[in-house]
Structure formats: C-alpha cells, structure tokens
Amino acid sequence: MANQQSYSGNPSVDYEYRRKKNADDMRMQVSAFALMIFLTLVAFIAVAGDFDKYFVIPFILLLAVVQLVFQLYYFMHMSHKGHEAPALFLYSGALVGFITILVFLTIVWL
C-alpha cells in the first residue's frame with residue numbers, strides 16, 4: 001500500500017483518515033506477525049518430525065526467505081512510498097552476497 005495523504009483542509013477529516021490508515025497498517029502487521037509465528041512452528045515441526053534432511057534444510061531456508069520478506073515489507077515499512085532508495089541498496093547488497101556465495105561454492109566444488 002502506498003502512503004497516501006489526505007489534504008482536505010478539514011482537520012476532523014484528516015484525523016479520521018490517519019486513524020483509519022493506522023488501523024489498517026496495524027492490522028497488516030498483526031496478520032504478518034501471526035503468519036511468521038505459524039511459519040516458525042512449521043519449521044520446528046519439520047525438524048522435530050522424522051523427515052529426510054535433504055527435504056528439511058531447503059524447506060527451512062525457504063521459510064526463512066518468506067519470513068525475511070514479511071519483515072522487510074511489513075515491519076520495516078519497505079512497502080511504503082519513499083523507501084525506494086533503501087530497497088535498491090538492500091536488494092543490490094543481497095544480490096552481491098548471493099553471487100559471492102555462489103562463486104565460492106563453485107570454486108570449492110571444482
């Protein structure tokens with residue numbers, strides 16, 4: 001959701017708009033938090049269950065990536081307007097890190 005502002009000139013209308021917007025943001029944060037707790041429980045169940053390690057390790061890494069996206073977009077407010085430059089630096093740093101790990105893994109395996 002983009003960060004939209006109301007400039008109606010009427011303070012009571014602006015107050016109600018901000019109040020509704022804050023309530024919507026809080027609802028999304030609580031929902032994301034509940035989903036992250038659920039994903040954490042699923043990861044614990046996957047480890048506690050007698051599953052093959054070749055299934056569990058990629059599954060937990062996938063859940064970690066999903067939780068990272070939720071934290072960036074809902075708790076660090078990366079989905080709001082005005083956060084394009086930090087997002088660019090964050091994603092480019094993640095890309096450089098991924099490429100570095102991939103290069104080192106390729107060098108070690110060859």
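Across LEU68, LEU90, LEU39, mean-square fluctuation computed from a Gaussian network of the chain (C-alpha pairs under 10 Å connected) peaks at LEU90.
For the range 82-96, putting each phi into the Karplus relation 6.51 cos²θ - 1.76 cosθ + 1.60 with θ = phi - 60° gives couplings of x, 10, 6, 5, x, 5, 4, 5, 5, 5, 5, x, 5, 5, 4 Hz, in residue order, rounded to whole numbers and with x for Gly and Pro. Sequentially through the range 31-48, phi angles give Karplus couplings (6.51, -1.76, 1.60; θ = phi - 60°) of 5, 5, 5, 4, 5, 5, 4, 4, 5, 5, 5, 4, 5, 5, 5, 5, 6, 6 Hz, Gly and Pro residues having no value and appearing as x. Candidate cross-link partners of LYS81 among the aspartates and glutamates, defined by an alpha-carbon separation under 17 Å and a same-chain spacing of 8 or more, comprise ASP24, ASP25.
State the three equivalent ellipsoid semi-axes of the chain, derived from the C-alpha gyration tensor as the square roots of 5 times its eigenvalues, in descending order and whole Å.
Details: eigenvalues 298, 96, 5 Å².
Equivalent-ellipsoid dimensions as semi-axes: 39, 22, 5 Å.
Every number in this text was worked out from the coordinates using simple rules, so none of it is lab data. Predicted model only: the values in this text are computed from it and were never measured.
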